[in-house]
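Note sheet for the following structure.
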Amino acid sequence: MTVWDDLVGQDRVVGQLRAAASAGRAVLAGEAGGGMTHAWLFTGPPGSGRATAARAFAAALQCVSPDLALGAEPGCGHCDGCHTALTGTHADVDVIGTELLSIGVKETRDLVRRAAMSPASGRWQVIVMEDADRLTEGAGNVLLKAIEEPAPRTVWMLCAPSVEDALPTIRSRCRHIALRTPPVDAVADMLARRDGIDPAMAAYAARATGGHIGRARRLATDEQTRTRRAEVLKLPTQLGDIGSCMAAAQRLVDAAAADAKEITEEQDARETEELRNALGASTPGGRLPSGTAGVVKELENRQKKRATRTQRDCLDLALIDLAAFYRDVLAVQFGAQVPLDNEQMRPALDSVARSATPETTLRRIEAILACRRAIDTNVAPLLAVEAMALTLRAG
């Protein structure tokens, strides 16, 4: 197994990165390495594996396999360099993500200082930023300075959904690697072969999530996730009057909040306990030492911001599922001979398709997309979803 095996359906990208990793090895040997550069921008739709690609490339740059001397390509997946880079324990590979709504100036300055250090291994200092699209303008300017004047043997790998999500001044200084949504069949095969998931369930999950690897795995392995998705897809048939629209919107927001709470609750409790232990207040009811209230408050604020982002992310996934439902409706209305994401709901799709025109369905899809944009610009989620539900009813 090599570092590239998790890049499902990305053969072209794998070829590009393999060549770049070989060029990086040539640079280390004092030779010309025209395919290597100090800044990379990985883009692709959600589920395409852009962060996975960046991690694999980082591991390949740190590969120390003895087979390299025999002409093998970097990225064996078994040597100490590959293994530690992929597991997050390599001294010269930092993977930076955020659970908050944005990445600020302070965090970016700390990262730039870290990137200026010489690599401990003598190879490459690699910084993988998984959420480069969440940089604030000030943080982007800090990062730009580091990319314009890179330290020797420092490699920046930025990940974003699209080129437009990165600041123009940053993307113009990066080499672009574009990933695509993996084919559904390839995702289903991976789930069945590597995760031991029943082939029928793997095929359903891959199709229902449109080839999003992470969501497909969760859908296939978590009964509660499947139940919540089914509840979301009932919404188009529950919009009989204004009152039912308001109720359906409330249920959708509440479901997202419950999902987010399930994801963050355990982590919040663990972080709080660890902080109390560090401050010497580990016993039940133990009082915190004087002067530590600010530290506790900072943790609580960070947890609240994480909860807000997680709830928005969960709601956004629900809206994506809803848009996929209406996309299937549109396919039925046009008689398109294409696989449907929600084939198991064919009676509901046929019913909605008969009761509307293609123009109506397109307006409904646009309403869902407008709701996603509104939430992304900090409109109160319930207000945005209520407006969407009313538009879906009116068509």
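Read-outs throughout are calculated quantities, based only on the coordinates presented, and are distinct from any laboratory measurement. Small disclaimer: the values here were computed from a predicted structure and weren't measured. Here Cβ is always computed from backbone atoms with ideal geometry, including for glycine, and neighbour counts include all displayed protein chains.
Give, as a single signed number, the net charge of other residues whose beta carbon lies under 15 Å from the beta carbon of residue 126, with Lys and Arg counted +1 and Asp and Glu -1. Walk me through the intermediate numbers first.
Values: positive: 25, 55, 114, 123, 153, 175; negative: 92, 94, 130.
Neighbour charge sum, excluding residue 126 itself: +3.
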GluC sites (Glu not before Pro) restricted to region 215-285 and DSSP loop, no more than 12 other C-beta within 10 Å: none
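Stick to Cα atoms and the Kirkwood definition of Rh, then tell me Rg/Rh for the chain. Before the final figure, lay out the partial values.
On the way: Rg = 23.6 Å, Rh = 23.5 Å.
In the chain, Rg relative to Rh is 1.01.
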Cα-Cα P(r), region 92-171, percent of pairs per 5 Å interval: 3, 16, 29, 27, 16, 7, 2, 0
Inter-centroid distance (Cα atoms) of region 1-60 relative to region 230-255, Å: 44 Å
Cα→Cβ-extended label distance, 7 Å offset, between residue 338 and residue 296, nm: 5.5 nm
Interchain or long-range residues, amide H under 5 Å from residue 39's placed H: 156, 175
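Tell me what the chain gives for mean residue ellipticity at 222 nm when only DSSP H runs of n ≥ 4 count, each as -39,500 (n - 2.57), the sum divided by the residue total, rounded to 500 deg cm²/dmol.
So the helix-based figure for the chain works out to -18500 deg cm²/dmol.
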Placed amide H near residue 125: partners under 5 Å, 5+ positions off or other chain: 154, 155
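What number, in percent, do you get for the relative contact order of the chain if the mean sequence gap of Cα pairs under 8 Å and at least 6 apart is divided by its residue count? Walk me through the intermediate numbers first.
Numbers: 563 pairs, mean separation 59.5, N = 395.
RCO, the chain: 15 percent.
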Packing rank of 337-347, 211-221, where each peptide gets the mean count of other beta carbons within 10 Å, highest leading: 211-221, 337-347
Degrees between helix 293-334 axis and first principal axis of the chain (Cα, 0 to 90, nearest 10): 60 degrees
For region 131-136, 3J(HN,Hα) per residue [Karplus equation, 6.51 cos²θ - 1.76 cosθ + 1.60, θ = phi - 60°, Hz, x = Gly/Pro]: 10, 5, 6, 9, 5, 6
Using a Förster distance of 41 Å, the FRET efficiency for residue 224-residue 80 (Cβ separation, nearest 0.05): 0.60
Convex hull volume per residue in cubic angstrom - Cα atoms of region 146-211: 111 Å³
Simple label model, 7 Å out from Cα along Cβ direction - residue 242 to residue 378, nm: 3.0 nm
For region 216-366, radius of gyration divided by Kirkwood radius, i.e. Rg to Rh on alpha-carbons: 1.17
Filter on 145/304; 261/297; 106/305 - keep pairs with C-alpha separation over 25 Å: 145/304
Compactness of region 338-377 as Cα Rg over 2.2 N^0.38 Å, two decimals: 1.42
Folded to 0 to 90 degrees: helix 223-232 orientation relative to the chain principal axis, Cα: 50 degrees
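Among 59-70, 316-327, how do they line up by average Cβ neighbours within 10 Å per residue, starting with the highest? Mind showing how you got there, number by number?
Details: 59-70: 18.5, 316-327: 21.0.
Sorting 59-70, 316-327 by mean packing, highest first, produces 316-327, 59-70.
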Most fluctuating residue given options 368, 242, 96, as computed from a GNM of the chain linking Cα atoms under 10 Å: 242
Helix 11-28 axis, angle to the chain major axis (alpha carbon atoms, nearest 10°): 20 degrees
Where labels lie 7 Å past Cα in the beta-carbon direction, separation of residue 257 and residue 91 in nm: 4.9 nm
Among 370-380, 187-197, 37-47, 103-113, the order from most to least packed when residues are scored by Cβ within 10 Å on average: 37-47, 187-197, 103-113, 370-380
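Using 0.36 nm per residue, how much length does the chain from residue 269 to residue 193 gain when fully extended, once their Cα-Cα distance is taken away? Working shown, then result.
Numbers: separation 76, 0.36 × 76 = 27.36 nm, distance 3.53 nm.
Result: 23.8 nm gained on full extension.
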Table column - 3J(HN,Hα) (Hz), region 54-67, Karplus curve with 6.51, -1.76, 1.60, x for Gly and Pro: 5, 5, 5, 5, 4, 5, 5, 5, 9, 4, 10, 4, x, 6
Distance from region 134-165 to region 170-190 (C-alpha centre basis), Å: 19 Å
